[in-house]
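The values are calculated or read from the model by the stated rules, or taken from the named source; none is laboratory data. Keep in mind the model is a prediction, meaning the values are calculated, not measured. Positions of Cβ are backbone-derived with ideal geometry, glycine not excepted, and every protein chain shown enters the neighbour counts.
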Amino acid sequence: MDKTRSQAVKAAFNHLYKKNLIYQGEYIVNWCPGCKTAISDLENEHKQEQGKLYFIKYGPITIATTRPETMFADVAVAINPNNEKYKHLINQFVPLPLTNRQIPVIADKAVDLEFGTGALKITPGHDQTDFEIGQRHNLEKLTIIDQNSRLTDLAGEFSGLSVKEGRIKVVEALNNLGLIEKIEDYEHSVGHCQRCGAITEPLISKQWFVKTKPLAEKAIKAVKSGEIKIVPKRFEKIYFHWLKNIKDWCISRQLWWGHKIPLKGVDDTLDTWFSSSLWPISVFGWPLPHSVRQGKPSDFDYFYPTDIRETGYDILFFWVIREIMMCLEITGKVPFKTVYLHGLVRDQLGRKFSKTAGIGFDPLEMTTKYGTDALRISLVYGNAAGADLKIGEDKIRAMRNFTNKIWNASRFVLLDNKLKISGKKPKATNKHDQLIIRELTITIKETNNLLEKYSYGQASELLYQFFWKKFCDKYIESTKNRRKQAQPILLYVLLTSLKLLHPFMPFITEEIYQMFPIKNKKKSLSIENWPTK
């Protein structure tokens, strides 16, 4: 909400508005009665729930629905033109139960022949599929559920009831008239607000939208051409599927907190992902001008586009794709060259960590108990890119033991040391010295190969095995009777190991480095030369 981010939001909105990519219209939106605002498709989480499928007689046609309370806003009954049972009724009218209205029977290929009776009640004001069918057939849009999730005056004697209460009462009334043919148990997908958990309602509402098709085409091209690489590659399929089936993005929100839509007379705020999507450029000060000092380019000119975008795969849609679409449209350049997607942290039963639900552990407690480095490497060790990680205290305890191993090995190597090394590879004459140097060279090469492929879990596992098994258990043991002769090799292998382990375990490696007897020592291990051979 600071000045730079606010300027970026206004500039981006203005850019899209001038290109006719932003418009206002009455469309079906996901309405959250809890938050009292429209939410995007991505914020509308669908969960499988046990419900009922009601078979209701509309004169000669029986329809099946999970939502009988919305029938007062029905404007048609649609059947698939290949429906042999009912196709003779196309263009005729049938009675709408509990009302004095007659509604037309229409034909539309979108009706699923396999669902229910193959006949669908059409309520364009409260269902996305019905809305689209209504658009094709120029049908009226009626509202039966208000923004508080209660039935409107259109429901007559049922008006004012909640959706749940209304369903019970409507089914009771239909039963009394003999209009319920049967009721079946039915599992179906129900939308919930990601923020508050309330069941969402598809409602007709006047909102602001971004036309996403032109933006999506550029985002698809960027990955297909290789300008952007997604790691792991399997997520490309999900990326393309989402972009090819994208709907226009509802960017207006009826919330008191957020960036205000920069148009006169509009009180709505912008979807939080609108400003978040500008992060790759707004973080460098875009669109504010930069003073060029001493002939150096601005931060935006120097750093953009960036190299790697790292995040969990669960917000590939929420954030990453929006960043790609918006930044490509505004700058003409991709925001980053690689998207690295990591998995989610789960407990040993496979449940996603949740502070609210009390699932998993408090990471601060683990760092207090076992150390930050132990927790850090536990979250990486043995894990593949994009794969969820099951973790418990046992693994962190094991990595605490590894931390202790590094510390104790370093104490042994540095104890009574009188040498000061340059960091260059010393000459090895003893067979044990030669073997550990060969093993270290192989480890450096394999570690670099793994890091280049973003295989961080395998790299940490390789370093663990080298340091504990080959360096400590074998090589250090071989030097106990020839300490003076082996000291240059001990120091060199330890220093190189600290460099390789530093990205995974920065604190203990830095602490040991500060005690290290090395010529021309840097202020920090983090700026030492990385091992390459």
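Under the condition of being touching a residue at least 40 places away in the same chain (Cβ under 8 Å) and of a type in the set (Phe, Trp, Tyr), which residue from segment 338-388 is nearest to Tyr464 (Cα to Cα)?
Of everything passing the filter in segment 338-388, Tyr381 is nearest to Tyr464 (Cα to Cα).
Before we move on, is Pro262 in the same structural domain as Met326 (by TED's automatic domain parsing), touching a Lys or Arg at 6+ places or on another chain (Cβ under 9 Å), farther than 24 Å from Phe336 by Cα and at pLDDT below 95?
On the way: in the same structural domain as Met326 (by TED's automatic domain parsing): yes; touching a Lys or Arg at 6+ places or on another chain (Cβ under 9 Å): yes; farther than 24 Å from Phe336 by Cα: yes; at pLDDT below 95: yes.
Judged against the criteria, Pro262 is a match.
Just checking: which of the helices (runs of 4 or more DSSP H) contained wholly in segment 348-419 hold 2 or more residues that are among the small types (Gly, Ala, Ser)?
Values: elements: 363-370, 372-378, 393-414.
Fully inside segment 348-419 and qualifying: 372-378, 393-414.
So which of Gly332, Gly371, Gly386 ends up being at positive phi and assigned by TED's automatic domain parsing to the domain that holds Ser276? Working first, answer last.
Details: Gly371 fails: assigned by TED's automatic domain parsing to the domain that holds Ser276; Gly386 fails: assigned by TED's automatic domain parsing to the domain that holds Ser276.
That would be Gly332, the only listed residue that is at positive phi and assigned by TED's automatic domain parsing to the domain that holds Ser276.
I'm checking my understanding of the structure. Among residues of segment 181-198 that are charged (D, E, K, R) and assigned to a strand (DSSP E or B), which one is modelled with the lowest pLDDT?
Of the residues in segment 181-198, the ones charged (D, E, K, R) are 181-182, 184-185, 187, 195.
Narrowing the set further to residues that are assigned to a strand (DSSP E or B) leaves 181-182, 184-185, 187.
On the way: Glu181: 96, Lys182: 96, Glu184: 95, Asp185: 94, Glu187: 91.
Looking at residues that are charged (D, E, K, R) and assigned to a strand (DSSP E or B), I get Glu187.
Output the residue which, of all residues in segment 297-337 that are assigned to a helix (DSSP H, G or I) and free of Cβ contacts under 8 Å to residues at least 24 places away in the same chain, is surrounded by the most Cβ atoms within 10 Å (Cβ to Cβ). Working first, answer last.
Here is the first cut: in segment 297-337, the residues assigned to a helix (DSSP H, G or I) are 299-303, 313-331.
Right, trim to free of Cβ contacts under 8 Å to residues at least 24 places away in the same chain and you get 299-303, 315, 320.
Details: Asp299: 13, Phe300: 18, Asp301: 11, Tyr302: 10, Phe303: 13, Ile315: 15, Val320: 25.
Only one residue fits best here, namely Val320.
Can you tell which of Leu491, Leu500 is in contact (Cβ under 8 Å) with a residue 12 or more places away in the chain, assigned to a helix (DSSP H, G or I), under 26 Å from Ala387 (Cα atoms) and touching a Leu at 6+ places or on another chain (Cβ under 9 Å)?
Numbers: Leu491 fails: under 26 Å from Ala387 (Cα atoms).
Sole residue among the options that is in contact (Cβ under 8 Å) with a residue 12 or more places away in the chain, assigned to a helix (DSSP H, G or I), under 26 Å from Ala387 (Cα atoms) and touching a Leu at 6+ places or on another chain (Cβ under 9 Å): Leu500.
Mind checking whether some residue in segment 25-36 is over 20 Å from Tyr186 (Cβ atoms) and of a type in the set (A, V, I, L, M)?
yes
Which ones in segment 47-67 are part of a strand (DSSP E or B) and over 18 Å from Ile103 (Cα atoms)? Spell out how you get there, then give the answer.
Going residue by residue through segment 47-67, those that are part of a strand (DSSP E or B) are 47-58, 61-65.
Selection gives Lys47, Gln48, Glu49, Gln50, Gly51, Lys52, Leu53, Tyr54.
In segment 140-162, which residue that is of a type in the set (A, V, I, L, M), in contact with a Leu (Cβ under 7 Å, 6 or more places away or on another chain) and outside any loop (DSSP other than H, G, I, E, B) is surrounded by the fewest Cβ atoms within 10 Å (Cβ to Cβ)? I'd like the intermediate steps shown before the answer.
Taking segment 140-162 first, the residues of a type in the set (A, V, I, L, M) are 142, 144-145, 151, 154-155, 161.
Right, trim to in contact with a Leu (Cβ under 7 Å, 6 or more places away or on another chain) and you get 142, 144-145, 151, 154, 161.
Checking the rest, the ones that are also outside any loop (DSSP other than H, G, I, E, B) come to 145, 151, 154.
Working: Ile145: 27, Leu151: 26, Leu154: 15.
The residue in question is Leu154.
Among the residues of segment 1-33, write down those that are at pLDDT 90 or above, exposed (fewer than 15 other Cβ atoms within 10 Å of the Cβ) and under 28 Å from Gln147 (Cα atoms).
Tyr23, Gln24
From Leu89, Leu98, which residue is on the phi > 0 side of the Ramachandran plot and surrounded by fewer than 22 Cβ atoms within 10 Å (Cβ to Cβ)? Give the derivation first.
Working: Leu89 fails: on the phi > 0 side of the Ramachandran plot.
Selected residue: Leu98, the only one of Leu89, Leu98 that is on the phi > 0 side of the Ramachandran plot and surrounded by fewer than 22 Cβ atoms within 10 Å (Cβ to Cβ).
Filter segment 358-404 for residues that are over 28 Å from Lys453 (Cα atoms) and of a type in the set (D, E, K, R) and give the result.
Asp362, Glu365, Lys369, Glu393, Asp394, Arg397 - these are the residues of segment 358-404 that are over 28 Å from Lys453 (Cα atoms) and of a type in the set (D, E, K, R).
Every residue, every condition in (1) in contact (Cβ under 8 Å) with a residue 24 or more places away in the chain; (2) part of a strand (DSSP E or B); (3) over 24 Å from Gln135 (Cβ atoms), yes or no:
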site	(1), (2), (3)
Met1	yes, no, yes
Gly34	yes, no, yes
Ala38	yes, yes, no
Glu45	yes, yes, yes
